[in-house]
């Protein structure tokens, strides 16, 4: 976050100099005024720090989970908020997160609300987090909201770890397969080709598969710089394209149509929607604001667009359950349970059950996918090695027969 240097006059009329973190110059001015000072000049001073920001340790989801759980426990036990923030900021192991918590503590000490203080650090505290804290402060139920936030953060962190764990083994096999292919093309095939031509002569009639493999290997050796450049260029270009809104949107819409993988993504998105929507509605956030925040938190543009259409329908006077049932993206149980919640006024409680159900479904789907992906990747890797073996061992066996 940008840092601004300022010169101001205090209430006593003394000239003071200091620094303040804010998302804009206007926000910095408001923060200085809230501290009881009258700003004279404000200058941005964070350029040199921003250049080195990539060297700072990143804030992990575990850091936020631990902080939320500890803050919830301390507030519930009656510890004053400012003292709780001070203690937690001193105990934070992550330096980046510690700096943010110290800035939050200063803002709260200066009279800023906790939600507004969190909103100045979007890299650490998401819109969901900020909106729930603001709702808790407005309703006087901050301790209860922090408990819900802690549970939600722990559930989200657990789901991310399960998905990452399930994808680790297939990705390792992919890397090994690609490495084995390049190793064979650069080191093994050329030597075997030399042996074949030494035994059979330069005019030997080799099988078509062998000729293709030898030609591909020769081309890769002759233009190794192009192969390496093309490989890394494709990876970098793909990552850059997927980082754009258009590329990200295309990926999200494509991935939900894939067999098995698409089902898993839908279940993950549904579980996130149900738990986030339940938490925000239970905190007293309006339906339209809840839909906006939830849409950004689901993690898939297709589901976000569906929730935006749902918000438009609610604005037009339609029930959310009816709007989501027409979209067809959410499983049928979701609009049905929403309809029950709308009739009984227990939407938050019902959606928690939906979230629990789909989180369990995610676990089962991940286990099923792992059992399918592993043998598929092994067969693929074995097929590639087998193709190379057939292309080179066949001619060698034939030559051996001729020599006999």
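Observations, loosely collected:
- Comparing mean-square fluctuations of 215, 286, 278 from a GNM of the chain with C-alpha springs under 10 Å, the top value falls on 215.
- Average projection area in nm² (convex hull over Cα atoms of segment 245-291, one quarter of hull surface): 3.9 nm²
- Folded to 0 to 90 degrees: helix 347-403 orientation relative to the chain principal axis, Cα: 20 degrees
- Segment residue 157..residue 288, full-extension length gain: 44.6 nm, with 0.36 nm per residue of separation and the alpha-carbon distance subtracted.
- For segment 58-149, the relative contact order comes to 29 percent (Cα pairs under 8 Å, sequence separation of at least 6).
- Across all C-alpha atoms in segment 59-155, the radius of gyration and Dmax reach 11.8, 33 Å.
- Multiplying the residue separation of residue 393 and residue 255 by 0.36 nm and removing their Cα-Cα distance gives an extension gain of 45.7 nm.
- Mean projected area of the Cα convex hull of segment 166-404, taken over all directions, amounts to 17.1 nm².
- Relative contact order [Cα under 8 Å, 6+ residues apart], the chain, whole percent: 13 percent
- Each peptide in 261-273, 372-384 was scored by the mean count of other Cβ atoms within 10 Å over its residues; highest first, the order is 261-273, 372-384.
- Taking packing as the residue-averaged number of other Cβ atoms within 10 angstrom, the listed peptides 292-299, 247-254 run from highest to lowest as 292-299, 247-254.
- Listed residues 120, 353, 95, most fluctuating in the chain (Gaussian network, C-alpha, under 10 Å): 95
- Annotation: Cα Rg of segment 135-269 relative to the compact-globule expectation 2.2 N^0.38 Å equals 1.79.
- Per-peptide average of other Cβ atoms within 10 Å, ordering 79-90, 165-176 highest first: 79-90, 165-176
- Using alpha-carbon coordinates, inclination of helix 81-91 to the longest axis of the chain, degrees: 30 degrees
- Here 19, 37 are placed in order of increasing Cβ neighbour count within 10 Å, fewest first, which gives 19, 37.
- For percent of Cα pairs over 35 Å apart, the value calculated from this model appears in (1) 49; (2) 36; (3) 26 under label (1).
- Label-point gap, in nm, between residue 187 and residue 368 - each point 7 angstrom along Cα→Cβ: 4.1 nm
- Over segment 225-327, Cα pairs under 8 Å with separation of 6+ residues give a relative contact order of 19 percent.
- Helix 208-222 vs. the chain, principal-axis angle (Cα, 0 to 90°, nearest 10): 60 degrees
- Centroid-to-centroid separation of segment 153-183 and segment 67-86 [C-alpha atoms, Å]: 36 Å
Every number here is computed from the coordinates shown, using simple stated rules; none is lab data. No experiment lies behind these values; they were computed from the predicted model shown. We place every Cβ from the backbone using ideal geometry, glycine too, and count neighbours over all the protein chains shown.
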